[in-house]
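To keep things clear, I will list the structure first and then write my remarks on it.
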Amino acid sequence: MDYQLQLLSFLVSFLFGLFFSFTSRVHYNFVFSLKRFWRYLLTSLFILDIALFYVLLMYYVNHGIVHIYFVGMTFIGYFIEKRLTLSVKKYVKSIPLIAKYLNK
């Protein structure tokens with residue numbers, strides 16, 4: 001695998017980590033109020049869909065080659081998105097005009 005394909009795979013894995021973090025937060029907010037059976041079922045389907053989507057994405061980017069450092073980039077993207085979300089929430093809450101609309 002040449003370096004351009006590896007860099008592209010790193011970038012796609014990082015962006016997928018950002019996507020996964022955002023969708024997992026949305027999924028959690030959606031299934032939080034459901035009954036236990038539906039939570040387990042929907043979470044299992046969500047995990048299966050996310051894993052299949054990552055494999056499909058890697059298949060189109062680099063013919064399905066998944067290295068451990070690509071998965072590591074996915075985790076780095078996941079945690080960076082969580083940190084960015086927390087810092088944006090702190091910044092937005094510090095602006096009184098926007099905070100007034102967030103508290104409604």
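Over the chain, what relative contact order in percent results from Cα pairs under 8 Å that are six or more residues apart?
Relative CO of the chain lands at 43 percent.
Given the Cα-Cα distance of residue 11 and residue 40 and 0.36 nm per residue of separation, how much length would full extension add, in nm? Write out the running numbers ahead of the final one.
Details: separation 29, 0.36 × 29 = 10.44 nm, distance 3.14 nm.
Gain in length upon complete extension: 7.3 nm.
Helix 36-62 versus the longest principal axis of the chain: what is the Cα-based angle in degrees, 0 to 90, to the nearest 10?
Once rounded, one gets 40 degrees.
Tell me, what % of the accessible area of region 1-68 is carbon and sulfur with a 1.4 angstrom probe?
C and S fraction of accessible area: 74 percent.
With bins 5 Å wide starting at 0, give me the P(r) of the chain over every alpha carbon pair, in whole percents.
3, 11, 17, 16, 15, 14, 11, 8, 4, 2, 0
Sum -39500 (n - 2.57) across every DSSP H segment of at least 4 residues in the chain, then divide by the residue count to get the 222 nm mean residue ellipticity, nearest 500.
After summing the helix terms and dividing by residue count, I get -30000 deg cm²/dmol.
Measure nothing but the geometry: give the 0 to 90° angle between the long axis through the Cα atoms of 3-31 and the longest principal axis through the Cα atoms of the chain, rounded to 10°.
Tilt relative to the chain: about 30 degrees.
For the chain, take the longest principal axis of its alpha carbons; what is the angle in degrees between that and the long axis of helix 68-93, to the nearest 10 within 0 to 90?
The two axes meet at around 20 degrees.
What is region 12-65 by shape, rounded, prolate or oblate, if you read a ≥ b ≥ c off the alpha carbon gyration tensor as root eigenvalues and call it rounded for a/c under 1.5, prolate for a/b larger than b/c, and oblate otherwise?
oblate
Could you order the peptides 9-20, 55-66, 34-45 from most to least packed, using the average number of other C-beta atoms within 10 Å per residue?
Packing proxy ranking, top to bottom: 9-20, 55-66, 34-45.
The values are calculated or read from the model by the stated rules, or taken from the named source; none is laboratory data. Note that the structure is a prediction, hence the values are computed from the model and not measured. Reconstructed Cβ throughout: ideal geometry from the backbone, glycine too, with neighbour counts over all protein chains shown. Ligands, DNA and RNA are excluded from the accessible area calculation, which covers all protein heavy atoms including side chains. Shrake-Rupley method; radii C 1.70, N 1.55, O 1.52, S 1.80 Å.
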